[in-house]
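The values are calculated or read from the model by the stated rules, or taken from the named source; none is laboratory data. All values reported here derive from a predicted model rather than from experimental measurement. As a convention, Cβ positions derive from the backbone with ideal geometry for all residues, glycine included, and neighbour counts pool all protein chains shown. In case anyone asks, the SASA skips ligands and DNA or RNA and just uses the protein heavy atoms, side chains included. Shrake-Rupley method; radii C 1.70, N 1.55, O 1.52, S 1.80 Å.
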Amino acid sequence: MLTSNEDFSFADAARIVRECFAHFEPPRRESVAEYALANRWLSNLGGGYVGRWTFDGTEYLRQPTEDLTNHDYQTIAVVAPAQSGKTSIAENWALHSVGCDPGNLLWYMQTEQAIEAYVKTRINPMIDAHKVVKDRLGSAPSDKALHYKRFANMHIEFLAATYNNLIGRSVPRIVVDEIDSYPVTLGDVKALIDPRRQTFGRSSKLLAISHADRATGIDPEKDWSAGIMSIYADSTRATWWWPCPHCGAFSSPVPTASRVMVLDYPRDKALDEIENEARLICPVNGCVIEDHERRGMNARGKWVYAGEDIGEDGIVTGQRTRRNTAGYWVVGVMSPFILGGIGSLARARAKAEREAALTGDETTLRQVMAKQWGIPHTQMRKTENVDATVIADRAEHDFTLGTVPHGVRFLTAAVDAQLNRFEVMVRGWGAHGESWVVDFYVTDAEPPTSAACWDMMIERLLNARYPLADGSGRVMTIRGFGYDSGGYPGTTQNAYDAWRRWKRRSRLRKLGRIEGRDAWNMIPLKGMPGLSAQRLSVVYPDSQRKDRSARAGGTVPMAQFHANSFKDDLAGQLSCADPGAWYVHFPAGLRSDEEPHTWFQQLVAEEKTKTGAWVKPHNGTRNEACDLMVMNHALAQLHGMTRINWNIPPAWAADWDRNVHVQMAVPTDAGAPPMPASTLPAPPVAPAPAVRVVTPTSTTSPGASRARRYA
């Protein structure tokens, strides 16, 4: 029996009402990124950053984090290496779910051991560091088990990626962590998960994060059929673009971008020197970028999506491709957490490449590329040097130099500028990369000093008409040509000036944009050294840098190509023994009268080193034929050859009866048809040297008899 008011107390009615109505409050409309910035606290007991969560240095994580509350996307895929912050996206999502927007979350990892290590070292300390999360964690032992965390109004479950686990759960929010490390026998993990989340509609979200271990290269069509890259391939394909700290031009460190900033380092030096000398190189102006400058570049960086284009000034144009999946690709040089900086990336890759070259085992190299560089590994080619005599013996006697054989759909031409001459090759391209060397000639010239010589060469190629081999009287014009813009002092300036002159004469045309690159009917070319250069890009060099002796004025395009990669391709093409895809046809007119066949020796002059680089065995070795073949291939790719559907080709690559570059020959003086470029007389723009075509036995070009006939 109660005897006084001290034996009992009344409940606080106001507090009861507040707690009751709190359960009826709608979730706060706050994005995951906003919640993390306002509420997450990092406490690295073992060292490292302590303080409130920030995107400082990792600005690239902000947008994929924001997309977790964007109803435009049901899946967010993030390709990223280790130590790039990618797992923080999932952690921020878990905190947001518990503290702001309740929803059950299922988190898959590769093994039970991985779950135990991660939950004990990352999840449990994160719960303890955040009062709102800790207060909502259930008090029963089963509520805070290793694999299962029950909170006041939701739960998070951690499961190993097995078939039964993947198909046996239905929750609105799912994380697949390191999906490329899941058992291969599971097949398409996303396909297994998708049916389990359909009932949640727009509320469903899947976050996939992983290294790119399952991809076999950087070609989306043939290399991205499994793992995280297969999800990224069917996404918005966002790439990160950041400004050069010196010239301000925007480029991307992602290897599939149209302008790629590469990590450059010496290949043949000691590992310590490689680490110390590694630098990022601006693809627009060649600026050298130090490791400490990356943080500032990240702060000003931005994501650019498929369907969009970004200028060197950072202005984004175009319409983003609509997808249900938002895809983001983070590469190693973007991360501020790399121990040792970009130098350590260069050292690790160089060491792994040397190990692979020595042992033939590329396992370590594959791990370095995927987990440190954040780029899928492309298997090193086991390419052998091809014998010149073997190729010369394949030359075809019924293939006449200067005519267009059956099978050719379009022509490209490349010009190599030497000290005292231009060397020119015209290459015909057919279905699936099959090609023919249609013409080759040499002209006396002075590329470093004479503008008239450049005008002569350009006029000839613009006016060139090559007769078809069917005897119909029809001719084919050149789709596009390019010339080497480097070399002896003065050559680069003359190369740029020539492009400007012919642009003012309205003889140059931009034919469109292909894979984000401008395709012109004439363009300067530059082979980029190093094994990590971008395969192909078109840039407009800035004129404002004071250290540039040749100024392009920001208006002259330049096609930069990965010389080593295209030489790999050439070696593979020369190894094809049977006509068909990528086989190269040579006319017998390129042979010398007897061995050695000089032109074919130039074609195979370079040797591949153990590091995978192609080099001349001696400084005096002639390799012009090799360079011209490579430049022609780069031009063909620039014009979109690898994207052609040969069942319905574009008009410029159609069969002869429908090809826009095929026309009836227009009679010239004395009723003769137009001649190939190698036989055209010099144009009247200025006095110019005559054509010089000599026999292969004199170390330059064959075809003397044909040239003399027209001279």
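Odds and ends about this structure:
- Ellipticity estimate at 222 nm from DSSP helix runs (n ≥ 4, -39,500 (n - 2.57)) divided over the chain, nearest 500: -7500 deg cm²/dmol
- Residue-span extension gain [residue 594 to residue 219] - 0.36 nm each, minus C-alpha spacing: 130.7 nm
- Trypsin sites (Lys or Arg not before Pro) lying in DSSP loop within region 379-452, provided at most 11 other Cβ fall within 10 Å: 382
- Overall size of region 53-101 from C-alpha positions, given as principal axis extents largest first: 27, 22, 16 Å.
- Note on residue 198/residue 152: beta-carbon distance plugged into 1/(1 + (r/R0)^6) with R0 of 25 Å gives a FRET efficiency of 0.35.
- Length gained on full extension, residue 128 to residue 575, computed as 0.36 nm times the residue gap minus the Cα-Cα distance: 154.6 nm.
- Listed residue pairs exceeding 19 Å between alpha carbons, taken from 149/371; 567/616; 302/371; 526/567: 149/371; 302/371
- In degrees, nearest ten, helix 491-504 long axis to first principal axis of the chain (Cα): 90 degrees
- Whole-Å semi-axes of the ellipsoid equivalent to region 459-516 (Cα gyration tensor, √5λ, descending): 27, 16, 12
- Of the whole protein surface, residue 470 contributes about 60 Å² of accessible area at a 1.4 Å probe radius.
- Region 124-177: chymotrypsin sites (Phe, Trp or Tyr not before Pro) in DSSP coil with no more than 16 other Cβ atoms inside 10 Å: none
- Of the accessible area of region 36-169, computed with a 1.4 Å probe over protein heavy atoms only, carbon and sulfur atoms account for 50 percent.
- In region 361-441, inverting the average of 1/r over every pair of distinct C-alpha atoms gives 16.5 Å as the Kirkwood radius.
- When the GluC sites (Glu not before Pro) in region 590-628 are filtered for DSSP coil states and for at most 10 other beta-carbon atoms within 10 Å of their beta-carbon, the remaining sites are 594.
- Annotation for region 123-151 versus region 221-287: alpha-carbon center distance of 41 Å.
- The length gained by stretching the chain between residue 42 and residue 270 to full extension, at 0.36 nm per residue less their Cα-Cα distance, is 78.2 nm.
- On the basis of the beta-carbon distance and an R0 of 22 Å, residue 610 and residue 390 show a calculated FRET efficiency of 0.40.
- Principal-axis analysis of the Cα atoms of the chain puts helix 13-22 at an angle of about 20° to the longest axis.
- Acute angle (nearest 10 degrees) that the helix 624-638 long axis makes with the longest principal axis of the chain, alpha-carbon atoms: 50 degrees
- Annotation: the chain has a Kirkwood hydrodynamic radius of 28.8 angstrom, from the mean reciprocal C-alpha pair distance.
- When peptides 638-648, 518-528, 65-75 are sorted by average Cβ neighbour count within 10 Å, with the highest value leading, the order is 518-528, 65-75, 638-648.
- Over the C-alpha trace of region 217-259, radius of gyration and Dmax come out as 12.9, 39 angstrom.
- Stokes-Einstein diffusion of region 74-204 at 20 °C, 1.002 mPa s viscosity, Kirkwood radius from Cα pairs, rounded to a whole number: 140 µm²/s.
- Anisotropy class of region 267-397 from Cα gyration tensor, a/c 1.5 cut: oblate
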